[in-house]
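Have a look at the structure below, then the notes.
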Amino acid sequence: MANRKWTALLLAAVLLFSMFSFALGEEPEADTEAAVPVEIIEGETVAFGRYEQDNDAKNGDEPIVWDVLAVQDGKALMISQRALDAKPYNETYENVTWATCTLRAWLNAAFLSTAFTDAEQKCILVTTVDNSASQNPENEKYWKQGSEDTEDKVFLLSYAEAWQYYKRDRRRTCEATATAIARGVWTDTTNSCWWWLRSPGQKPNDAAGVKSQGYLNHRDVSSTTAGVRPVIWVDVAAALELLNGSAQ
């Protein structure tokens, strides 16, 4: 019983001291730990832009996480870590190239304006995308003909780039977001999906892509069960200024 009285008296004393300190204008010690600045480093990830990913529009869009594939000459090449949506390479089954496909048009219009603010879009560089035969598969079963280069802010990796940046098949595996799955992306038991590349496939109405196990493959351009992993080049200094300014 005596212990309870002493405990009550001690708590009361602490409360009175706190009130006295507040009356004198003393403030609690502030958290002096500074926010860690965002960096863009090859081989690491960075959050940039937002897109609906958990298939719950009520809680708003989620930050897009990007794998940084390369950093050179003040710019960074980045690919979305997960397949963000389900889209055919082309809306109709026909002979088509990256320059003329509907997926390219969607990425550089609807996706660009949805995923990025005006300030973020200014950080994304217009890139001359190499669509020559050198970017196409060396396998004799694939279509060899190249097409004209394009000027894009958002694009897809080519067959050659998928080899260049992912030396091992397992490194190419990619999970799909809940939104992409709800919109039709097929996934295996590990949630890995098939995702598009911009290069042609076995014939002019096929396009190359990556299977859920990471192997390079192809399918007809009108397939609606493939995932989309956008690729962008960003101005590193501009992006860091924006990201670190937003973090403060």
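Values in this text are rule-based calculations from the coordinates and carry no lab data. These numbers were taken from a predicted model, which means no experiment stands behind them. Cβ atoms come from the backbone with ideal geometry, glycine included; neighbour counts cover every protein chain shown.
If you only keep lysine pairs separated by 8 or more in sequence, or across chains, how many in the chain come under 21 Å at the Cα atoms?
Lysine pairs meeting both conditions in the chain amount to 12.
For the residues 198, 229, what sequence is obtained by ranking on other C-beta atoms within 10 Å, fewest first? Intermediate results must be reported in sequence, preceding the final value.
On the way: 198 30, 229 25.
So the ranking, lowest neighbour count to highest, is 229, 198.
Nearest 10 degrees is fine. How inclined is helix 236-247 to the longest principal axis of the chain, computing both from alpha carbons?
Long axis of 236-247 versus the principal axis of the chain: about 30 degrees.
Report, in whole Å, the centroid distance computed from the Cα atoms of the range 130-182 and the range 54-115.
13
Arranged by the count of other C-beta atoms within 10 angstrom, fewest first, what order do 170, 219 take?
If I rank by nearby Cβ atoms, fewest first, I get 170, 219.
Kindly provide the helix-only [θ] at 222 nm of the chain, computed as the sum of -39,500 (n - 2.57) over DSSP H runs of four or more divided by all residues, to the nearest 500 deg cm²/dmol?
Numbers: 7 runs with 61 residues, N = 248.
Taking each H run of at least 4 residues, the total per residue is -7000 deg cm²/dmol.
Work out how much length residue 105 to residue 58 would gain on full extension: take 0.36 nm times their residue separation and subtract the Cα-Cα distance, in nm to one decimal.
On the way: separation 47, 0.36 × 47 = 16.92 nm, distance 2.76 nm.
Here the segment from residue 105 to residue 58 would lengthen by 14.2 nm.
Highest mean first, how do 68-75, 231-238 rank when packing is the count of other Cβ atoms within 10 Å averaged over residues? Walk me through the intermediate numbers first.
Working: 68-75: 14.2, 231-238: 20.5.
Packing order, densest peptide first, comes out as 231-238, 68-75.
Once you list every other residue whose beta carbon is under 15 Å from the beta carbon of residue 143, what net charge do they have if Lys and Arg are +1 and Asp and Glu are -1? Intermediate results must be reported in sequence, preceding the final value.
Working: positive: 141, 144, 198, 203, 219; negative: 94, 138, 140, 206, 220.
Charge balance in the 15 Å sphere: 0.
Counting only Cα, what are the radius of gyration and maximum Cα-Cα distance Dmax of the chain, in Å?
25.1, 92
Using Cα springs under 10 Å in a Gaussian network model of the chain, which residue among 61, 130, 188 shows the largest mean-square fluctuation?
188
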